[in-house]
Amino acid sequence: MKKVVLSLFAAFALFSFTALELANWSMDGAHSRLGFTIQHMGITDIHGQFSNFDVKISTPNDDFTGASIEMTAQANSINTGIEMRDNHLKTADFFDAEKFPTLTFKSTSVKKAKGNKYEIVGDFTMHGITKSVVLTAVNTGVVKNQAGNDVAGLSISGVVKRSDFGVGQAGPGLSDEVKLVADLEVSKN
């Protein structure tokens with residue numbers, strides 16, 4: 001009887017350890033993009049991206065439910081394709097990149113929605129201000145790479161208001177809403 005109890009306890013302990021094991025995913029920078037779109041004068045979408053950013057994901061499940069997602073972008077790496085505009089965006093008029101060098105996002109909840117979609121709630125920090133935001137993620141697939149490791153595609157999007165973070169001036173030139181999009185390829189470590 002004693003052996004049976006010890007065996008059951010050992011099996012339970014092993015199962016508990018295995019079930020709680022986290023999988024870490026790292027970003028493939030060559031196949032990922034962190035960008036944004038903002039409307040100008042109510043008629044044109046202006047696109048940009050951050051050239052220097054990182055994403056870290058930890059998952060406790062086979063899918064991304066309950067994941068921990070952290071994204072960090074360097075404000076000085078903003079790129080809209082026009083150097084004069086990029087330089088202006090880095091000043092105190094907008095990002096104030098010298099004083100606030102990073103934009104960050106840390107998830108507080110990742111829940112499965114319909115199909116391959118997820119709802120991500122987290123803390124977004126920009127311009128020294130942190131607000132809770134809701135993002136949507138789409139798992140665009142999981143495949144094996146040449147080394148036999150899992151590689152996943154994630155498209156994460158959402159909208160933030162510049163005024164909530166004190167970025168830029170109000171006025172008819174730029175919309176208050178900024179669409180964020182992260183097209184990510186991540187590999188399981």
Query raised in the report: Somewhere in region 150-160, is a residue among the acidic types (D, E) and more than 16 Å from E70 (Cβ to Cβ)?
Result: yes
Query raised in the report: Going by the structure shown, is I43 farther than 19 Å from S175 by Cα and of a type in the set (A, V, I, L, M)?
Result: no
Query raised in the report: Is there any pair linking a residue in region 78-102 that is of a type in the set (F, W, Y) to one that is surrounded by fewer than 11 Cβ atoms within 10 Å (Cβ to Cβ), with Cβ under 7 Å and at least six apart or on different chains, and which?
Result: F100/G128
Query raised in the report: Within region 96-104, is there a residue that is closer than 19 Å to T80 by Cα, of a type in the set (V, I, T) and more than 16 Å from the chain's Cα centre (by Cα)?
Result: no
Query raised in the report: Which residue, of V160, V121, is of a type in the set (A, V, I, L, M), over 19 Å from H47 (Cα atoms), without any contact (Cβ under 8 Å) to a residue 60 or more places away in the chain and surrounded by 13 or more Cβ atoms within 10 Å (Cβ to Cβ)?
Result: V121
**Report entry** Residue, surrounded by the fewest Cβ atoms within 10 Å (Cβ to Cβ), within region 34-56, restricted to residues that are among the aliphatic types (A, V, I, L, M) and part of a strand (DSSP E or B)
**Finding:** I46
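How many residues does region 166-178 contain that are surrounded by fewer than 15 Cβ atoms within 10 Å (Cβ to Cβ) and either in a strand (DSSP E or B) or touching a strand residue (DSSP E or B) at 6+ places or on another chain (Cβ under 8 Å) (or both)?
We begin by selecting, within region 166-178, every residue surrounded by fewer than 15 Cβ atoms within 10 Å (Cβ to Cβ); these are 166, 169-173, 177.
Filter once more, so that each one left must be either in a strand (DSSP E or B) or touching a strand residue (DSSP E or B) at 6+ places or on another chain (Cβ under 8 Å) (or both): 166, 170, 173, 177.
Of the residues in region 166-178, 4 are surrounded by fewer than 15 Cβ atoms within 10 Å (Cβ to Cβ) and either in a strand (DSSP E or B) or touching a strand residue (DSSP E or B) at 6+ places or on another chain (Cβ under 8 Å) (or both).
Any read-out appearing in this document is the output of simple, stated calculations on the displayed coordinates, not a laboratory observation. The structure displayed is predicted, hence computed values, not measured ones. Neighbour counts run over all protein chains shown; Cβ positions are idealised from the backbone, glycine included.
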